[in-house]
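Here the structure comes first, spelled out in structure tokens, and everything after it is commentary.
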Amino acid sequence: MPFEKTILCIGAGYVGGPTMAMIAAKCPGYKVTVVDINADRIRAWNSDHLPIYEPGLDELVKETRGRNLFFSTEIEKEIADCEIIFVSVNTPTKTFGHGAGMAADLQYWERTARQILRHANSNKIIVEKSTLPVRTALAMERILNASSGNTRFDVVSNPEFLAEGSAIKDLDTPDRVLIGSQETPEGLQARKAIVDIYANWVPRDKIIESNVWSSELSKLAANAFLAQRISSINSISALCEKTEANIDEVAYAIGTDSRIGAGFLKASVGFGGSCFKKDILNLVYICRSYGLDTVADYWQSVVKINEWQESRFIRNMLANMFNTVAGKRIALFGFAFKANTGDTRESPAIYVAKGLLEEQAEVVISDPKALSNAPKELEGVEGDMTFEPDPYAAAKEAHAIAVLTEWNQYRDLDYERVFESMIQPAFIFDGRNILDHEKLYEIGFNVLAIGKKPLKHF
Ligand code: NAD
Ligand code: UGA
């Protein structure tokens with residue numbers, strides 16, 4: 001039986017793969033194909049070892065792959081064959097030329113547009129799934145419609161709000177799905193086609209429709225607001241450490257105000273991930289380009305506090321370990337930017353590891369899912385570093401442990417055993433506030449957490 005709809009996704013990454021697997025699972029009548037220029041990545045999507053770790057993803061892919069979900073490198077053929085194209089390629093911060101270090105690098109995005117133009121032989125709806133600067137849809141439509149002959153392209157914005165580590169749950173029961181389009185008859189028709197896909201499983205009142213610019217800007221603004229909350233609580237964590245207030249108690253007290261809300265108030269060594277920093281910098285760049293320098297400064301401070309929080313963590317380690325870590329073995333518990341993912345992009349652990357290596361510490365990195373990515377992040381960095389999946393082995397004969405990712409398994413270790421195996425005095429720096437600090441102190445550790453009174457035996 002022919003498929004009801006043919007959907008293509010360009011970009012088989014952390015967003016493209018899980019999102020398309022969910023669409024395929026919820027819409028068995030649609031044919032969903034995901035393509036990528038990275039042949040290794042496509043090979044992995046077609047194997048038993050998917051290229052990314054995400055709870056629930058293996059099961060979803062197993063259910064749909066080969067039925068109505070396909071992974072391929074035949075980009076040209078797939079462009080020609082489909083009706084709707086989601087573009088989910090990477091949009092990192094630009095590293096060169098005008099806007100370097102701030103603006104979004106749109107080269108992958110534009111290359112995709114030109115590829116679509118070259119190989120499309122029928123009308124297509126192009127869906128912006130990647131996070132893009134506001135007004136990108138206009139540029140996209142111009143490129144596509146400038147020399148397309150009789151083929152018509154309508155560009156719709158449908159930003160993704162999933163968080164890594166909970167992607168499958170977020171896709172299954174999203175807080176909202178946002179779909180923006182031009183408000184012309186053709187634009188509205190294209191918008192409806194995308195609404196119809198999500199309406200297969202998302203309640204209609206959670207599908208928000210808007211103009212295309214609002215949709216693009218809402219994505220950048222949502223990430224900026226989320227990151228701002230973390231920088232806000234982290235700034236207060238520093239004050240807690242000076243005043244003996246406890247950051248968990250403060251976060252709970254303020255978060256119970258329904259106008260503030262409890263989520264995203266967990267103090268930490270800093271926020272990481274591939275998006276918060278890049279999206280805020282992009283927002284800052286856009287504001288500056290419109291002459292809104294005060295607005296730009298405001299959002300830039302969110303990134304500044306984050307960098308300060310990361311460097312404060314290292315300074316705190318040094319100060320407590322008698323101002324030197326040279327030659328001391330230090331175990332890092334966690335390298336992923338958050339729990340339940342193997343993703344290490346912009347992880348605060350990279351910054352901490354580099355800082356400790358500069359101080360000539362012997363750094364042992366442990367993580368249940370990120371040890372294949374971790375060495376790539378530290379490529380070219382000089383110093384004594386090893387990678388050890390077993391946290392007990394990592395901590396053996398170490399002077400200190402730094403908890404950098406909130407993996408559940410670190411809560412449940414036998415810390416008496418860990419303590420016995422370490423050099424004394426033994427330190428734990430809990431960069432995620434996930435451990436039982438009083439208990440660790442009773443065992444004999446010196447415990448330094450974020451936004452809490454130090455528990456030291458001397
Ligand atoms: P990613 O780097 O994991 O995946 C992007 C993929 O696109 C790569 O596999 C790359 O090879 C492929 N690609 C690049 N150019 C291509 C081309 N011309 N043709 C075919 N494939 C091409 O990135 P990601 O984390 O999935 O993010 C993608 C976009 O989604 C970004 O704009 C990001 O900001 C946004 N986003 C990410 C998340 C997240 O949690 N990771 C959440 C929401 C939105
Ligand atoms: C974030 C957003 O939460 C998603 O909605 C968005 O779609 C995505 O960015 C994106 O655009 O890429 P993600 O970066 O995957 O998702 O993960 P988050 O759960 O937001 O965590 C980001 C960082 O903040 C992590 O390092 C995490 O440990 C840290 N964090 C989070 C805190 O330090 N405290 C908190 O209270 C919450």
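Here are a few things to note about the model shown:
- Residue list for the stretch 23-65, restricted to those being part of a helix (DSSP H, G or I) and within 22 Å of the chain's Cα centre (by Cα): Ile23, Asp40, Arg41, Ile42, Ala44, Trp45, Leu57, Asp58, Glu59, Leu60, Val61
- Residue check, Glu78 within 20 Å of His119 (Cβ to Cβ), of a type outside the set (Lys, Arg) and open to solvent by 10 Å² or more (accessible area, probe 1.4 Å): yes
- Scanning the stretch 1-39 for residues being more than 16 Å from ligand 1 (Cβ to nearest atom) and not basic (Lys, Arg) gives a total of 11.
- Cβ-Cβ distances below 6 Å connect the following pairs, each with a first residue in the stretch 242-254 that is farther than 14 Å from Leu455 by Cα, a second residue that is open to solvent by less than 60 Å² (accessible area, probe 1.4 Å) and assigned to a helix (DSSP H, G or I), and a separation of six or more residues or different chains: Ile247/Ser237; Ile247/Cys240; Ala251/Ile233.
- Of all residues in the stretch 351-395 being on the phi < 0 side of the Ramachandran plot and among the polar types (S, T, N, Q), the one that is least open to solvent (accessible area, probe 1.4 Å): Ser366
- When every residue of the stretch 52-70 is checked against the conditions, none turns out to be β-branched (Val, Ile, Thr) and open to solvent by 60 Å² or more (accessible area, probe 1.4 Å).
- In the stretch 14-39, residue farthest from ligand 2 (Cβ to nearest atom) [restricted to those that are open to solvent by 10 Å² or more (accessible area, probe 1.4 Å) and within 12 Å of Pro51 (Cβ to Cβ)]: Ala39
Table: residues versus (1) farther than 21 Å from Tyr108 by Cβ; (2) small (Gly, Ala, Ser).
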residue: Phe153; (1), (2): no, no
residue: Asn158; (1), (2): no, no
residue: Asp170; (1), (2): yes, no
residue: Leu178; (1), (2): yes, no
residue: Ala199; (1), (2): yes, yes
residue: Pro203; (1), (2): yes, no
residue: Ser214; (1), (2): yes, yes
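- Some residue of the stretch 197-215 being surrounded by 20 or more Cβ atoms within 10 Å (Cβ to Cβ) and within 15 Å of ligand 1 (Cβ to nearest atom): yes
- Hits in the stretch 88-138 (condition: part of a loop (DSSP other than H, G, I, E, B), touching a strand residue (DSSP E or B) at 6+ places or on another chain (Cβ under 6 Å) and more than 9 Å from ligand 1 (Cβ to nearest atom)): Pro133
- Number of the condition not met by Asp343 [criteria: (1) open to solvent by 10 Å² or more (accessible area, probe 1.4 Å); (2) within 16 Å of ligand 2 (Cβ to nearest atom); (3) of a type in the set (Asp, Glu)]: (1)
- Exactly one residue out of Ser130, Ser181, Ser122, Ser148 is under 28 Å from Gln300 (Cα atoms) and in contact (Cβ under 8 Å) with a residue 24 or more places away in the chain, and it is Ser130.
- The set of residues from the stretch 302-317 being open to solvent by less than 30 Å² (accessible area, probe 1.4 Å) and more than 23 Å from Asp367 (Cα to Cα) comprises Val302, Val303.
- The residues of the stretch 272-287 that are part of a helix (DSSP H, G or I) and in contact (Cβ under 8 Å) with a residue 24 or more places away in the chain, listed by number, are Phe276, Lys277, Lys278, Asp279, Ile280, Leu281, Asn282, Leu283, Val284, Tyr285, Ile286.
- Taking each residue of the stretch 197-221 that is of a type in the set (Gly, Ala, Ser) and looking for partners that are part of a helix (DSSP H, G or I) and within 16 Å of ligand 2 (Cβ to nearest atom) with beta-carbon atoms closer than 8 Å, six or more apart or interchain, yields Ser210/Ser218; Ala221/Leu283.
- Any hit, the stretch 145-164, residues being more than 19 Å from Leu283 (Cβ to Cβ), away from ligand 2 (no atom under 16 Å from the Cβ), open to solvent by less than 50 Å² (accessible area, probe 1.4 Å) and in a helix (DSSP H, G or I): no
- Residue check, Ser258 out of contact with any helix residue (DSSP H, G or I) (no Cβ under 9 Å at 6 or more places or on another chain), surrounded by fewer than 18 Cβ atoms within 10 Å (Cβ to Cβ) and of a type outside the set (A, V, I, L, M): yes
- Scanning the stretch 109-124 for residues that are crowded, with 16+ Cβ neighbours inside 10 Å, away from ligand 2 (no atom under 16 Å from the Cβ) and within 25 Å of the chain's Cα centre (by Cα) returns Thr112, Ala113.
Quick grid of which residues meet (1) away from ligand 2 (no atom under 16 Å from the Cβ); (2) not small (Gly, Ala, Ser):
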| site | (1), (2) |
| --- | --- |
| Ala426 | yes, no |
| Ile434 | no, yes |
| Glu438 | yes, yes |
| Phe445 | yes, yes |
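- Residue pairs whose Cβ atoms lie under 6 Å apart, separated by 6 or more positions or on different chains, with the first residue in the stretch 1-27 and on the phi < 0 side of the Ramachandran plot and the second of a type in the set (S, T, N, Q) and within 13 Å of ligand 1 (Cβ to nearest atom), are Leu8/Thr33; Cys9/Ser88; Ile10/Thr112; Val15/Ser88; Gly16/Ser88.
- Selection of first residues in the stretch 162-174 that are in contact (Cβ under 8 Å) with a residue 40 or more places away in the chain and more than 14 Å from Pro203 (Cα to Cα) and of second residues that are within 7 Å of ligand 1 (Cβ to nearest atom) and open to solvent by 20 Å² or more (accessible area, probe 1.4 Å), restricted to Cβ pairs under 9 Å at least 6 apart or on distinct chains, gives the following pairs, ordered by first then second residue: Leu162/Tyr14; Leu162/Val15; Glu164/Tyr14; Glu164/Ser274; Ala167/Tyr14; Ala167/Val15; Ile168/Leu162; Lys169/Leu162.
The values are calculated or read from the model by the stated rules, or taken from the named source; none is laboratory data. Source: prediction; values computed, not measured. Positions of Cβ are backbone-derived with ideal geometry, glycine not excepted, and every protein chain shown enters the neighbour counts. Accessible surface areas use protein heavy atoms only, side chains included; no ligands, DNA or RNA. Shrake-Rupley method; radii C 1.70, N 1.55, O 1.52, S 1.80 Å.
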